[in-house]
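Have a look at the structure below, then the notes.
The values are calculated or read from the model by the stated rules, or taken from the named source; none is laboratory data. Remember, it's a predicted structure, so these values are computed and weren't measured experimentally. Positions of Cβ are generated from backbone atoms using ideal geometry, with glycine treated the same way; all protein chains shown enter the neighbour counts.
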Amino acid sequence: MEFDLIELIRRHTAQARDDVRVGIGDDAAVLAVPAGQELAVAIDTLVEGVHFPRGTTPADIGWKALAVNLSDLAAMGASPAWALLALTMPSADAAFVEGFAEGFAKLAQPHRLALVGGDTTRGPLTISVAVHGFVPPGHALTRAGARAGDAVLVTGTLGDAAAGLHAVQHPPRDDDRTGLRGFLIERLNRPTPRLAAGTALRGQATACVDVSDGLLADLGHICTASGVAAEIEAALLPRSSALLELHDDTTALHFALSGGDDYELCFTVPAARVAELQAGLARLGCGATKIGRIVEGEGVRVRAADGSRLATDRPGWEHFA
């Protein structure tokens with residue numbers, strides 16, 4: 001049965017690439033890194049009830065398991081190429097695997113990402129995906145280059161995924177605004193990895209991170225790695241109309257600052273380049289909003305419209321907090 005499941009996954013995720021010398025079916029994949037490229041590698045694990053709610057559809061789980069990893073490549077400015085999959089399930093559920101593989105493949109195929117190997121085991125539902133991508137030598141984005149005077153920007157909108165999780169956990173008594181809830185739940189279940197934006201930021205951004213654990217936490221990683229502080233303006237945070245319509249200002253701000261799972265890019269760029277960079281990202285269809293600046297010091301500070309400092313009790317998600 002295990003090999004039937006592997007064949008089911010292989011059939012759905014088949015992707016022809018000349019740089020895959022040996023793929024699924026042997027003890028290891030054999031892959032060729034193109035000349036003049038460096039290899040970027042990332043891995044993430046999703047656990048049922050922690051990274052996705054119980055009852056999430058198999059196709060949504062498959063999409064998200066890949067999306068969170070592609071987002072890491074995007075934050076490094078890398079282009080995706082290959083993936084490995086370790087799938088642990090309570091039982092050999094062919095229907096689950098079929099749905100999972102369909103969701104995984106729907107995101108993989110437009111990016112020409114080939115699944116080249118992995119493993120299937122029995123246990124609590126857990127998915128680990130390792131992705132590999134290419135970046136020109138010396139052009140990988142990191143968290144360590146932000147400098148005082150740089151502007152802080154984010155792609156897309158913030159807080160939608162956290163609001164989507166809230167919507168799943170608190171079903172409404174009526175369905176008057178189901179469309180808005182559906183939008184937020186879709187943002188939770190099927191995040192969009194900003195790969196085109198990541199490659200466009202090569203040579204432009206001074207530092208970059210994906211917003212997986214919450215803006216405050218992830219921008220904090222840039223500050224720590226770069227030895228700087230950040231000041232952001234609460235009023236400038238981009239929030240969707242669905243988020244603002246379903247939640248009051250205080251809750252929407254909390255979701256935008258501390259909610260995880262948006263998988264947008266937060267990056268820093270010299271102030272003189274902001275307008276040009278925003279125009280370029282707008283042409284790519286995702287856009288970017290300036291939300292603050294890098295200053296001397298440490299940590300992330302949030303300012304209200306009147307200039308006062310807002311208290312931020314919970315910066316974001318921590319697995320072992």
Which members of segment 210-234 meet the condition of being buried (at least 24 other Cβ atoms within 10 Å of the Cβ) and either free of Cβ contacts under 8 Å to residues at least 24 places away in the same chain or within 26 Å of D249 (Cα to Cα) (or both)? D210, V211, G214, L215, D218, L219, A230
Condition check for L39: surrounded by fewer than 20 Cβ atoms within 10 Å (Cβ to Cβ) and modelled with pLDDT under 95: no
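Results for (1) more than 20 Å from the chain's Cα centre (by Cα); (2) over 19 Å from A275 (Cα atoms), shown as yes or no for each residue.
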{"position": "P137", "(1), (2)": "yes, yes"}
{"position": "G145", "(1), (2)": "yes, yes"}
{"position": "T155", "(1), (2)": "no, no"}
{"position": "D160", "(1), (2)": "no, yes"}
{"position": "G203", "(1), (2)": "yes, no"}
Here is a check on your reading of the model: is T268 surrounded by fewer than 24 Cβ atoms within 10 Å (Cβ to Cβ) and not acidic (D, E)? no
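If you go through segment 42-67 one residue at a time, how many are among the polar types (S, T, N, Q) and over 18 Å from V168 (Cα atoms)?
Taking segment 42-67 and keeping what is among the polar types (S, T, N, Q), we get 45, 56-57.
Add one more test, that the residue is over 18 Å from V168 (Cα atoms), and what stays is 45.
Residues flagged as among the polar types (S, T, N, Q) and over 18 Å from V168 (Cα atoms) within segment 42-67 amount to 1.
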Those residues of segment 194-234 which are of a type outside the set (G, A, S) and within 12 Å of R301 (Cα to Cα) amount to L215, L216, L219, C223, V228, E231, I232, E233
Single unsatisfied condition, A108 versus (1) aliphatic (A, V, I, L, M); (2) in a strand (DSSP E or B); (3) under 16 Å from G133 (Cβ atoms): (2)
For L87, the lone unmet condition from (1) surrounded by 17 or more Cβ atoms within 10 Å (Cβ to Cβ); (2) within 29 Å of I222 (Cα to Cα) is (2)
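Give the residue, chosen from L237, L244, that is surrounded by fewer than 23 Cβ atoms within 10 Å (Cβ to Cβ), touching a helix residue (DSSP H, G or I) at 6+ places or on another chain (Cβ under 6 Å) and under 20 Å from L281 (Cβ atoms).
Selected residue: L237, the only one of L237, L244 that is surrounded by fewer than 23 Cβ atoms within 10 Å (Cβ to Cβ), touching a helix residue (DSSP H, G or I) at 6+ places or on another chain (Cβ under 6 Å) and under 20 Å from L281 (Cβ atoms).
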Which residues, counting only those in segment 39-62, are of a type in the set (G, A, S) and over 18 Å from the mean Cα position of the chain (by Cα)? G49, G55
With the checklist (1) outside the structural domain of G203 (by TED's automatic domain parsing); (2) within 17 Å of the chain's Cα centre (by Cα); (3) charged (D, E, K, R) in hand, flag the one item R122 doesn't pass. (2)
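Quick grid of which residues meet (1) more than 28 Å from A42 (Cα to Cα); (2) polar (S, T, N, Q); (3) not assigned by TED's automatic domain parsing to the domain that holds W63:
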residue: R190; (1), (2), (3): no, no, yes
residue: V211; (1), (2), (3): no, no, yes
residue: A217; (1), (2), (3): no, no, yes
residue: T224; (1), (2), (3): no, yes, yes
residue: I232; (1), (2), (3): yes, no, yes
residue: L265; (1), (2), (3): no, no, yes
residue: A271; (1), (2), (3): yes, no, yes
residue: V274; (1), (2), (3): yes, no, yes
Scan P80, P137, P124 and give me the residue that is on the phi < 0 side of the Ramachandran plot and assigned to a strand (DSSP E or B). P80
